[in-house]
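Here the structure comes first, spelled out in structure tokens, and everything after it is commentary.
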Amino acid sequence: MTPTIVLPLMVGGLYAAGVYLLLDRSLTRVLLGFVLLGNATNLLLLSTGGPAGLAPILGYSDPDEINDPLPQVLILTAIVITFGVSAFVLAIIHRSWRLVREEVVGTDEEDRRVAARRATDADELDPDELAPDDRIAGHADSLPRNAEELADDVDLPAGSARR
Amino acid sequence: MIEALAPLPVLLPLLGAAGALLASGHPVFQRLLSTAVLTAVLGVSVALLLVADAEGATAVSVGGWPVPLGIVLVVDRLSALMLVVASTVALGVLVFAIGQGAADGQEETPLSIFHPTFLVLVAGVGNAFLAGDLFNLYVGFEILLMASYVLLTLGGTAARIRGGITYIVVSLTSSLVFLAAIGLVYAATGTVNMAQLAVRLDELPAGVQVLLQSMLLIAFGIKAAVFPLSAWLPDSYPTAPAPVTAVFAGLLTKVGVYAIIRTQTLLFPDGALDDLLMWAALATMVVGILGAVAQSDLRRMLSFTLVSHIGYMVFGIALGTAAGLAGAVFYVAHHIAIQTTLFLVAGLVERQGGTTSVNRLGGLARRSPLLAVLFFVPAMNLAGIPPLSGFIGKLGLLQAGVAEGSALAFALVGGGVVTSLLTLLAVARVWTRAFWRPPGQAPAEDTAAAAAADATARRRPDGDDGAGSTADEPRTALQEAWRRHTAVATAAEPDLPPPAGAVRALRPLPRTMVGATAALVALTVALTGLAGPLYGLTSRAAADLLDRTPYTTSVFGTEEVP
């Protein structure tokens with residue numbers, strides 16, 4: 001059997017394209033690059049089994065003519081691992097996208113500050129003269145509780161102002 | 001007996017992970033289960049170490065397949081010692097995490113996911129240590145990496161996703177390089193069994209050997225964070241929850257170091273790339289520690305010292321002598337314990353002080369003397385102050401370097417001493433600022449308010465320094481009140497690391513967390529007391545590694561390797 005030139009060319013091309021995509025800033029392209037690199041590596045493993053041969057099934061083909069089954073086993077394992085990792089990276093990409101551009105309208109930072117300012121501007125009082133419960137965070141001892149009250153007032157994400 | 005015990009460090013955590021996942025609705029049962037599993041793994045590992053030290057290396061064929069066909073697990077002195085140290089710190093970190101979870105609730109560290117993933121991580125580490133063929137080593141790496149991806153991005157906050165992506169892409173690349181290297185090794189030799197490779201690789205042309213060796217070294221060098229492949233580590237580790245960073249710092253890089261030790265001694269004993277490794281070790285030590293000195297954040301500083309001290313181990317491996325390897329193995333054991341402990345202490349500091357920035361911390365020694373002791377002892381150990389184990393490990397490596405006697409080895413000895421001194425400088429700065437200076441001299445007495453104000457300052461590009469403004473700028477009480485008011489409102493953002501701690505700055509530290517940290521500090525001190533027997537053990541392990549026949553004989557049962 002003659003050695004094939006197709007596999008090395010495929011492996012080289014996939015590696016080149018994969019590395020190019022891996023260097024991109026966009027995460028989706030990074031993932032595509034990883035998938036290409038994974039496939040290139042699998043083909044590389046396949047080509048380590050030597051020249052092509054018959055399917056390695058006992059009783060079906062002559063043991064002298066079969067292909068080396070071990071690289072195929074390794075590829076199978078590698079495919080499973082690559083698949084799992086790809087799924088995880090996809091989830092991370094989704095999460096990252098959610099964090100950067102939330103489709104649900106979140107709390108407006110600036111609006112929250114304006115709301116807080118109006119509350120204080122309305123009554124120009126010395127915090128010391130107010131009843132403890134009305135004080136803003138003017139005193140260190142009122143800090144932790146105030147954070148909680150604030151969380152109720154300005155509708156912060158749940159659980160972010162614990163204790 | 002060893003045939004029955006050897007697979008347990010992999011099997012028990014995997015089964016435990018399944019159980020913990022099923023029990024995710026019952027937190028108490030889940031905690032008991034994972035603690036019991038890790039305790040059992042520790043017991044098994046100790047038994048394996050005792051047997052391996054008494055009887056030498058043993059190989060176990062998994063599933064009863066004959067040797068070159070099936071997968072073998074090899075227990076020798078090196079892998080058993082690594083198992084013992086790894087399972088000890090894993091148990092300590094687990095108890096710490098349970099304490100933290102009990103105190104914090106589920107938002108920041110969702111424990112129902114944490115327990116199964118942590119156990120899978122331990123299984124992967126165990127599999128990597130025991131693997132007797134290259135592909136099984138790869139599978140072990142993938143198991144632990146997969147678990148580490150989940151742990152690093154736990155909770156899915158913006159900072160963790162950002163740091164996690166760096167880590168994941170770098171790890172994926174290293175895994176692909178490793179897999180391609182396995183393919184090439186198989187093409188060249190027709191086997192992936194390491195004992196068989198030890199013989200067959202010797203027969204290859206020198207050029208092919210160097211190619212395979214450098215591919216494996218690149219793959220493991222990324223995982224072990226050897227300069228210039230180390231830039232990812234300080235970027236991704238500090239964002240994770242404290243127990244996760246601790247176990248990563250202790251175990252993951254050391255698995256890479258273990259793989260380098262194994263391949264360098266068993267597969268490529270010629271030392272063709274030893275000079276290159278020497279230069280890499282020197283650069284890792286010096287560049288890493290210069291980075292550490294420049295940091296003002298405790299966790300980032302510790303991440304850089306982690307990179308830097310990997311250089312010591314690579315130095316010992318590159319020497320290739322029995323003394324060098326013994327020192328390297330000792331240093332790995334010491335460093336797993338010490339680095340994990342320090343990251344756990346950093347977690348405690350963050351709880352107590354509300355931040356890990358040494359510029360804003362102050363007076364911790366007075367406020368919490370116990371925490372001060374817990375930081376001081378391992379910090380001095382890391383810097384290598386006699387008589388602690390860090391000093392013994394460094395001394396052993398430097399002696400091995402002097403004994404080797406080449407100019408490059410002497411350069412590394414000098415680099416090692418400088419690194420040790422700079423480590424002392426870095427930890428001493430943390431000590432004087434965060435612990436020793438009186439609280440009044442810290443930029444702000446009220447750490448909680450300062451941290452919150454700083455969070456506001458960071459939000460505004462033109463924001464003035466939060467600490468200064470609380471002290472001396474002329475403001476009306478009302479302005480001041482509003483400032484703090486908004487500061488607290490912003491501080492409640494879940495994405496900013498310090499404020500979450502800032503709000504709970506004045507709470508006492510949970511006993512379980514302090515207890516776990518104290519136990520690990522005691523372990524690092526015990527390593528000093530037990531340094532004599534331990535060094536004897538690592539010397540015997542190094543002799544085995546250089547001899548190579550104990551390993552191959554254990555796998556094939558005879559001196560002859562097919």
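The values are calculated or read from the model by the stated rules, or taken from the named source; none is laboratory data. Please read all numbers here as calculations on a predicted model, not as lab measurements. Note that each Cβ is placed from the backbone with ideal geometry, even for glycine, and that neighbours are counted across all protein chains shown.
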Legend entry - Test: residue in segment B:14-37 that is without any contact (Cβ under 8 Å) to a residue 60 or more places away in the chain, within 24 Å of B:V555 (Cβ to Cβ) and aliphatic (A, V, I, L, M): no
Legend entry - Candidate set from segment B:319-362 (those that are among the aliphatic types (A, V, I, L, M) and within 11 Å of the chain's Cα centre (by Cα)); member that is nearest to B:L537 (Cα to Cα): B:A333
Inset, instruction - Return yes or no: is A:V85 touching a residue at least 24 places away in the same chain (Cβ under 8 Å), in contact with an Asp or Glu (Cβ under 9 Å, 6 or more places away or on another chain) and within 23 Å of B:F141 (Cβ to Cβ)? - result: yes
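Would you say B:I71 is more than 28 Å from B:F343 (Cβ to Cβ) and of a type in the set (V, I, T)? Give the derivation first.
Working: more than 28 Å from B:F343 (Cβ to Cβ): yes; of a type in the set (V, I, T): yes.
In short, yes.
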Legend entry - Candidate set: segment B:135-151, residues that are within 10 Å of chain A (Cβ to nearest Cβ) and of a type in the set (A, V, I, L, M); chosen: the one farthest from B:L201 (Cα to Cα): B:V150
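Hey, does segment B:157-164 have a residue that's more than 21 Å from the chain's Cα centre (by Cα), facing another protein chain (nearest Cβ under 7 Å) and of a type in the set (A, V, I, L, M)?
We begin by selecting, within segment B:157-164, every residue more than 21 Å from the chain's Cα centre (by Cα); these are B:157-158.
Checking which are facing another protein chain (nearest Cβ under 7 Å) leaves us with B:158.
Going one step further and asking which of them are of a type in the set (A, V, I, L, M), we end up with B:158.
Yes, the conditions are met somewhere in segment B:157-164.
Determine whether segment B:358-368 contains at least one residue that is within 21 Å of B:V89 (Cα to Cα) and in a helix (DSSP H, G or I). Steps first, please.
Let us first name the residues in segment B:358-368 that are within 21 Å of B:V89 (Cα to Cα), namely none.
Taking every residue of segment B:358-368 in turn, none turns out to be within 21 Å of B:V89 (Cα to Cα) and in a helix (DSSP H, G or I).
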Legend entry - Tally, over segment A:12-40, of residues that are facing chain B (nearest Cβ under 9 Å) and closer than 30 Å to A:D64 by Cα: 1
Inset, instruction - Any chance you could count how many residues in segment A:51-74 are under 37 Å from the mean Cα position of the chain (by Cα) and under 13 Å from A:L7 (Cβ atoms)? - result: 1
Inset, instruction - Kindly check whether there is at least one residue in segment B:243-264 that is hydroxyl-bearing (S, T, Y), surrounded by 23 or more Cβ atoms within 10 Å (Cβ to Cβ) and farther than 16 Å from B:V226 by Cα. - result: yes
Inset, instruction - Would you confirm whether any residue within segment B:177-189 is modelled with pLDDT of 90 or more, touching a strand residue (DSSP E or B) at 6+ places or on another chain (Cβ under 6 Å) and either crowded, with 20+ Cβ neighbours inside 10 Å or on the phi > 0 side of the Ramachandran plot (or both)? - result: no
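Kindly indicate whether B:D76 is of a type in the set (D, E), modelled with pLDDT of 85 or more and out of contact with any Lys or Arg (no Cβ under 6 Å at 6 or more places or on another chain).
Values: of a type in the set (D, E): yes; modelled with pLDDT of 85 or more: yes; out of contact with any Lys or Arg (no Cβ under 6 Å at 6 or more places or on another chain): yes.
Answer is yes for this residue.
Is it the case that B:A516 is crowded, with 19+ Cβ neighbours inside 10 Å, of a type in the set (A, V, I, L, M, F, W, C) and modelled with pLDDT under 85? Can you show your working first?
On the way: crowded, with 19+ Cβ neighbours inside 10 Å: yes; of a type in the set (A, V, I, L, M, F, W, C): yes; modelled with pLDDT under 85: no.
Spelling it out, it is not the case that B:A516 is crowded, with 19+ Cβ neighbours inside 10 Å, of a type in the set (A, V, I, L, M, F, W, C) and modelled with pLDDT under 85.
How do the helices (runs of 4 or more DSSP H) wholly within segment B:202-320 filter down when requiring 1 or more residues that are among the charged types (D, E, K, R): which remain? Give the derivation first.
Values: elements: B:206-224, B:233-236, B:242-247, B:253-262, B:274-293, B:298-319.
In segment B:202-320, B:206-224, B:233-236, B:253-262, B:274-293, B:298-319 are the helices (runs of 4 or more DSSP H) which contain 1 or more residues that are among the charged types (D, E, K, R).
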Legend entry - Residue tally, condition farther than 14 Å from B:T173 by Cα and crowded, with 20+ Cβ neighbours inside 10 Å, over segment A:9-41: 2
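For the condition over 30 Å from A:V100 (Cβ atoms), among the aromatic types (F, W, Y), more than 10 Å from chain A (Cβ to nearest Cβ) and in contact with a Phe, Trp or Tyr (Cβ under 9 Å, 6 or more places away or on another chain), what is the one hit in B:F178, B:F220?
Working: B:F178 fails: more than 10 Å from chain A (Cβ to nearest Cβ).
Only one candidate qualifies: B:F220.
With the structure loaded, tell me whether B:A280 is farther than 23 Å from B:N127 by Cβ, among the aliphatic types (A, V, I, L, M), free of Cβ contacts under 8 Å to residues at least 60 places away in the same chain and out of contact with any strand residue (DSSP E or B) (no Cβ under 6 Å at 6 or more places or on another chain) or whether it fails that test.
yes
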